[in-house]
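The next block holds one structure in the form of structure tokens; read it before the comments.
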Amino acid sequence: MKVFETLGKYFLFIGLVFSKPQQWKRFWKQFFFEINSLGINSLPIIMIISLFMGAALTIQTAYNITSPFIPLYAVGLATRDSILLEFSPTIISLILAGKVGSSIASELGMMRVTEQIDALEIMGVNSGSFLVLPKILAAIFINPFLIVISMFLGMAGGLIFGLLAGVVSTHEFVYGLQYAFVPFYVSYALIKTVVFAFLITSISAFFGYYAEGGALEVGVSSTKAVVYSSIILLLANYLLTQMMLS
Amino acid sequence: MIEVQHISKSFSGRKILDDVSLVFETGKTNLVIGGSGSGKTVLMKCLVALYTVDEGDILYDGRQFSKSTEEDKRLLRKDFGMVFQGGALFDSQTVWENVAFPLQMFSSLSESEIKDRVEFCLNRVNLNAAYQLYPSQISGGMKKRVAIARAIALNPKYLFCDEPNSGLDPKTSIVIDNLIQEITEEYNITTVVNTHDMNSVLEIGQKIIYLNKGQKWWEGDKNSILETDNAEVNDFVYASELFQRIRKASQKL
């Protein structure tokens, strides 16, 4: 019963959040602030992870190709498809669920327990929409850019570290990247990214917004936000893959 | 004037407010006193609709509030100013931005008019020098004063203060008390103050309501509270050594 109660509360929260901003000027200001806070600030970690994951993917694929009948360009092809289909949209989104999700939940949780959200409500501000809507829309807007950057860096990392390890040549790797390319994979990745961005921000905001108690409870809310958004993200990944690729 | 009519509020089956009826008068500082757990904060949160009452009604100058729609509540709340126990200032904004916030959100004032109004409000609470500081850079007393400046920025009709003196030294407490009383009289607003500070009671208690076990136990003013024969009120008033000594001294006279 508790699951249905929480689910109902979550949908009511979404209804509260998706209402017309009371002041557009302030909404845009907050939207661009969140693009920087949730998106641009996440760029360094995404760049590092993408480069090294691309590198590891390439080297592992190359070392596992032992048959002389499999051409070496298959390394580039496997790296590309792994990055496009799963690594960039799903794994990077999971990392963002940890980084961005905990930040949103703890920020809103602290605002709740220090009565800042109550202060907004008493002023007549729709606090849900005021605080959460710019975060959700900013993540939906900026995350696809982050994922596209991650895709490029993952493939670049594969090429650079593949060359350094001597497991593949530039020509073979680049040929593999271009071989049998399915443009829909990029659309599929970006659609997943948008759905994940919504889930990460809305679930984390939900747990932060309804935090109760003190610093300890804010920590618990933050942990819950990351755990639940990660699980639901993986579930959504399965459903979207089933719907779009089957 | 705020009329509270037979309100009750329970949490998990535990009755916190039990059939409370009160009137908070305009132009007066109305104090709600009582020990910890007596229901003061719940009453205040019901007054501003942060909690929904289980039974009864709250009327603001005859306008029904507790049973109105969310949109109507939001409209009426624009007439509210509230000073929270911890100040509830926005951490990410400077003192100036905190005070300007309600004006930027809900007034049609120009930038220069907002600037003038913020300066006036900060001047009113003697905080003009701290306008560029963040809440983390100012003291507890200053935070309370910023909260008061923010609360009065939109010329509220109703001012709510939840334990405005908690955590403050006696001298700063008196400054805050006097400020609340001056603002109440100057703007002829209805002010409700939650407190368990007896100094505040004697300083600004133009109307005092004593809550005990979620019920209204006693009602009077700062003069009558020292003379009441209500045992629970006496226990509360004369709990401190200082007031016991004052009582003994006055009895000797």
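Details
- Hits in the stretch A:103-123 (condition: in a helix (DSSP H, G or I) and not aliphatic (A, V, I, L, M)): A:SER103, A:SER106, A:GLU107, A:GLY109, A:ARG112, A:GLN116, A:ASP118, A:GLU121
Quick grid of which residues meet (1) under 28 Å from A:ILE91 (Cα atoms); (2) in contact with a helix residue (DSSP H, G or I) (Cβ under 9 Å, 6 or more places away or on another chain); (3) among the hydroxyl-bearing types (Ser, Thr, Tyr); (4) surrounded by 18 or more Cβ atoms within 10 Å (Cβ to Cβ):
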residue: A:GLY8; (1), (2), (3), (4): no, no, no, no
residue: A:LYS25; (1), (2), (3), (4): no, yes, no, no
residue: A:ILE35; (1), (2), (3), (4): yes, yes, no, yes
residue: A:ILE49; (1), (2), (3), (4): yes, yes, no, yes
residue: A:PHE52; (1), (2), (3), (4): yes, yes, no, no
residue: A:THR58; (1), (2), (3), (4): yes, yes, yes, yes
residue: A:ALA62; (1), (2), (3), (4): yes, yes, no, yes
residue: A:ARG80; (1), (2), (3), (4): yes, yes, no, yes
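- Condition check for A:ILE149: in a helix (DSSP H, G or I) and either more than 14 Å from every other protein chain (Cβ to nearest Cβ) or out of contact with any strand residue (DSSP E or B) (no Cβ under 8 Å at 6 or more places or on another chain) (or both): yes
- Residues satisfying the stated conditions in the stretch B:187-216, i.e. of a type in the set (Phe, Trp, Tyr) and touching a residue at least 60 places away in the same chain (Cβ under 8 Å): B:TYR210
- Any chance B:GLU70 is over 18 Å from B:ILE189 (Cα atoms), within 14 Å of another protein chain (Cβ to nearest Cβ), surrounded by fewer than 16 Cβ atoms within 10 Å (Cβ to Cβ) and not small (Gly, Ala, Ser): yes
- Inclusion of A:SER82 among residues that are in a helix (DSSP H, G or I), within 14 Å of another protein chain (Cβ to nearest Cβ) and under 20 Å from the mean Cα position of the chain (by Cα) is not warranted.
- Within the stretch A:124-178, the set of residues being within 16 Å of A:ILE45 (Cα to Cα) and among the hydroxyl-bearing types (Ser, Thr, Tyr) comprises A:SER150 only.
- In this structure, B:ILE176 does satisfy being free of Cβ contacts under 8 Å to residues at least 40 places away in the same chain and over 10 Å from the mean Cα position of the chain (by Cα).
- Leading residue by the ranking (modelled with the highest pLDDT) among those in the stretch B:97-117 that are away from every other protein chain (no Cβ under 12 Å) and assigned to a loop (DSSP other than H, G, I, E, B): B:SER110
- Within the stretch A:1-31, the residues that satisfy the criterion of being free of Cβ contacts under 8 Å to residues at least 24 places away in the same chain and more than 14 Å from every other protein chain (Cβ to nearest Cβ) are A:MET1, A:LYS2, A:VAL3, A:PHE4, A:GLU5, A:THR6, A:LEU7, A:GLY8, A:PHE11.
- Residues in the stretch A:89-132 that are facing chain B (nearest Cβ under 8 Å) and β-branched (Val, Ile, Thr) were compared, and the one that is surrounded by the fewest Cβ atoms within 10 Å (Cβ to Cβ) is A:THR114.
- The sole residue among B:ILE138, B:ILE204 that is in contact with a strand residue (DSSP E or B) (Cβ under 9 Å, 6 or more places away or on another chain) and more than 13 Å from chain A (Cβ to nearest Cβ) is B:ILE204.
For every residue, the table says whether it meets (1) outside any helix (DSSP H, G or I); (2) crowded, with 18+ Cβ neighbours inside 10 Å; (3) touching a strand residue (DSSP E or B) at 6+ places or on another chain (Cβ under 7 Å).
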| residue | (1), (2), (3) |
| --- | --- |
| A:GLY157 | no, yes, no |
| A:ILE160 | no, no, no |
| A:LEU163 | no, no, no |
| A:LEU177 | no, yes, no |
| A:SER187 | no, no, no |
| A:ALA197 | no, yes, no |
| A:PHE206 | no, yes, no |
| A:GLU212 | yes, no, no |
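- Single match in B:LEU89, B:LEU133 (criterion: closer than 20 Å to A:THR114 by Cβ and more than 22 Å from the chain's Cα centre (by Cα)): B:LEU133
- Those residues of the stretch B:145-179 which are more than 15 Å from B:GLU97 (Cα to Cα), in contact with a Gly (Cβ under 6 Å, 6 or more places away or on another chain) and not in a loop (DSSP other than H, G, I, E, B), in sequence order: B:LEU159, B:THR172
- Remark: B:PHE90 matches the filter, which requires a residue to be in contact (Cβ under 8 Å) with a residue 24 or more places away in the chain, on the phi < 0 side of the Ramachandran plot, of a type outside the set (A, V, I, L, M) and surrounded by fewer than 19 Cβ atoms within 10 Å (Cβ to Cβ).
- Residues of the stretch B:149-189 satisfying the condition of being within 14 Å of another protein chain (Cβ to nearest Cβ), of a type in the set (Gly, Ala, Ser) and buried (at least 20 other Cβ atoms within 10 Å of the Cβ): B:ALA149, B:ALA151, B:ALA153
- B:ASN126, sole failed condition from (1) free of Cβ contacts under 8 Å to residues at least 12 places away in the same chain; (2) exposed (fewer than 14 other Cβ atoms within 10 Å of the Cβ): (1)
The values are calculated or read from the model by the stated rules, or taken from the named source; none is laboratory data. The structure displayed is predicted, hence computed values, not measured ones. So basically every Cβ, Gly included, is an ideal-geometry build from the backbone, and we count neighbours across all protein chains shown.
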